[in-house]
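Step one of this worksheet: look at the structure below.
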Amino acid sequence: MLTNIRFRLPVALLLRAIVSLPFLACLALAQSADDIRVAVGKSVVVDYPEDITRISTSNPDVVDAVPATTREVLLHGKTIGSATVVVWSKSGQRNFYNVSVEPNLEPLRRLLRETFPNEDIHVQAARDSLSLTGRVSDRSIAERAVVLATPLAKSIVNNIQIPIAGVDKQ
């Protein structure tokens, strides 16, 4: 009776490990996915080392994924969001890509550079918000930069640094 209990525990642990293997394999694959950023309305080409047999996207409303050649995938950002793109090769290998589609900030960056050529203003996107960072010479420039960015996002986070006016010592 004692020997029977001794073998049940290792067998139960072995069965639990075997059942967990597919989950752990999927978790390892998800963690090894490549990250790709693309702007809305823009495209990127992903070079693949082998001939491609199939492509899938988790959210076709966010990103189109189509074969450009037998070894290239064209990703086109359609709307702000994220999706996972999976590419299968003829040998059965799969690669995962985490694709983030962000707003096209280049026109705003160009406008800020042209409007305030002597200022250091940077723009970053996070979902439907924009963050302005950098340093400007006075408060009115920071406020005008926010006004220029406002039509492009639901919210603007103004992290622009402004010099503190000096205190006169008497």
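The values are calculated or read from the model by the stated rules, or taken from the named source; none is laboratory data. Values in this document were obtained by computation on a predicted structure and should not be read as measured data. Virtual Cβ from ideal backbone geometry, glycine too; neighbours counted across all protein chains shown. Keep in mind that these areas ignore ligands, DNA and RNA; they rest on the heavy atoms of the full protein, side chains included. Shrake-Rupley method; radii C 1.70, N 1.55, O 1.52, S 1.80 Å.
Centroid-to-centroid, using Cα positions, the stretch 62-83 and the stretch 96-125 are 22 Å apart.
Normalised by the number of residues in the stretch 110-170, the mean separation of alpha-carbon contacts (under 8 Å, six or more apart) gives a relative contact order of 33 percent. Placing a pseudo-label 7 Å from each Cα along the Cα-to-Cβ vector at Gln93 and Ile162 gives an inter-label distance of 5.5 nm. Amide H to amide H, with H built 1.01 Å from N, Lys42 comes under 5 Å of Gly77, counting only residues 5 or more places away or on other chains. Residues whose amide H comes within less than 5 Å of that of Glu72, counting only those at least five positions distant or on another chain, are Tyr48 (H built at 1.01 Å from N in the peptide plane).
Our coupling estimate for the stretch 129-143, obtained by passing each phi through the Karplus curve with A = 6.51, B = -1.76, C = 1.60 and θ = phi - 60°, is 10, 10, 10, 9, 9, x, 10, 10, 7, 7, 4, 5, 5, 4, 5 Hz, Gly and Pro reported as x. Only Cα pairs under 8 Å and 6+ residues apart enter the sum, and on that basis the relative contact order of the stretch 62-160 stands at 18 percent. Placing unit charges on each Cβ (+1 for Lys and Arg, -1 for Asp and Glu) gives the stretch 33-134 a dipole about its Cα centre, and among Asn118, Thr69, Val38 the Cα reaching farthest toward its positive end belongs to Thr69.
Per atom type, the stretch 29-159 shows carbon and sulfur on 48% of its accessible surface, probed at 1.4 Å.
Asp64 sits with roughly 60 Å² accessible to a 1.4 Å probe, with DNA, RNA and ligands left out of the calculation. Computed about the Cα centre, the dipole magnitude for the stretch 48-124 is approximately 280 debye when only Lys and Arg (+1) and Asp and Glu (-1) carry charge, each at its Cβ.
Scanning residues 5 or more positions from His122 or on other chains, those with amide H under 5 Å from its amide H are Thr133, Gly134, with H placed 1.01 Å from N in the peptide plane.
Classified by the C-alpha gyration tensor, the stretch 25-170 has a prolate form. Its axis ratio a/c, with a ≥ b ≥ c, is 1.5 or above, and a/b is larger than b/c. Counting only Cβ charges, +1 for Lys and Arg and -1 for Asp and Glu, the dipole size of the stretch 86-155 around its Cα centre is about 340 debye.
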